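First up is the structure itself, then whatever we jot down about it.
The values are calculated or read from the model by the stated rules, or taken from the named source; none is laboratory data. The shown structure was predicted, so the numbers you read here are calculated from the model rather than taken from an experiment. Virtual Cβ from ideal backbone geometry, glycine too; neighbours counted across all protein chains shown.
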Amino acid sequence: AVLEDQGTAGPRPLTGPPEQTPEEMSFYAPNYLCLSIVALIIFPPLGIPAIIFSRKTTEANKNSKWEEAYINSGRTGWLDVFAILIGLGLIYYFVLFT
């Protein structure tokens, strides 16, 4: 008797993140990578965590973990804002008073 290949039996193992539809891609949370780079340059103590959360946002988006992506995106945004404000405040202080 000749055995014919009738396809794979059972689910195939995933080797990477599943392909996402355009509808799923519209849920992507912003990762604020460019803003995080600016924050890293202006005030590194808050810029470094911003870069880390930006990367976590990107990974969560790729793996369709929307809630995690939006939480990390919010953290990234606030860290960026605070880093830039503190950095510009320090620059302003040192230019004016030293």
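May I ask you to list the residues in the range 28-63 that are closer than 21 Å to Ile86 by Cβ, part of a loop (DSSP other than H, G, I, E, B) and among the hydrophobic types (A, V, I, L, M, F, W, C)?
Initial filter on the range 28-63 (closer than 21 Å to Ile86 by Cβ): 32-54.
Applying the additional criterion that residues be part of a loop (DSSP other than H, G, I, E, B) yields 32, 43.
Within the range 28-63, Phe43 is the sole residue that qualifies.
When you scan the range 77-97, do you find a residue that is part of a helix (DSSP H, G or I), modelled with pLDDT under 95 and surrounded by fewer than 20 Cβ atoms within 10 Å (Cβ to Cβ), even just one?
Yes, there is a match, as at least one residue in the range 77-97 is part of a helix (DSSP H, G or I), modelled with pLDDT under 95 and surrounded by fewer than 20 Cβ atoms within 10 Å (Cβ to Cβ).
What are the residue pairs meeting all of these: first residue in the range 26-50, first residue surrounded by 20 or more Cβ atoms within 10 Å (Cβ to Cβ), second residue of a type in the set (Asp, Glu), Cβ atoms under 7 Å, and 6 or more apart or on different chains?
From the range 26-50, the pairs are Tyr32/Asp80; Leu35/Asp80; Ser36/Asp80; Ala39/Asp80; Ala50/Asp80.
Within the range 21-71, can you find the residues that are among the small types (Gly, Ala, Ser) and in contact with a helix residue (DSSP H, G or I) (Cβ under 9 Å, 6 or more places away or on another chain)? Spell out how you get there, then give the answer.
Within the range 21-71, the subset among the small types (Gly, Ala, Ser) is 26, 29, 36, 39, 47, 50, 54, 60, 64, 69.
Answer for the range 21-71, where residues must be among the small types (Gly, Ala, Ser) and in contact with a helix residue (DSSP H, G or I) (Cβ under 9 Å, 6 or more places away or on another chain): Ala29, Ser36, Ala39, Gly47, Ala50, Ser54, Ala60, Ser64, Ala69.
Scan the range 64-72 and tell me whether some residue there is small (Gly, Ala, Ser), assigned to a loop (DSSP other than H, G, I, E, B), on the phi > 0 side of the Ramachandran plot and at pLDDT below 95.
Scanning the range 64-72 turns up at least one residue that is small (Gly, Ala, Ser), assigned to a loop (DSSP other than H, G, I, E, B), on the phi > 0 side of the Ramachandran plot and at pLDDT below 95.
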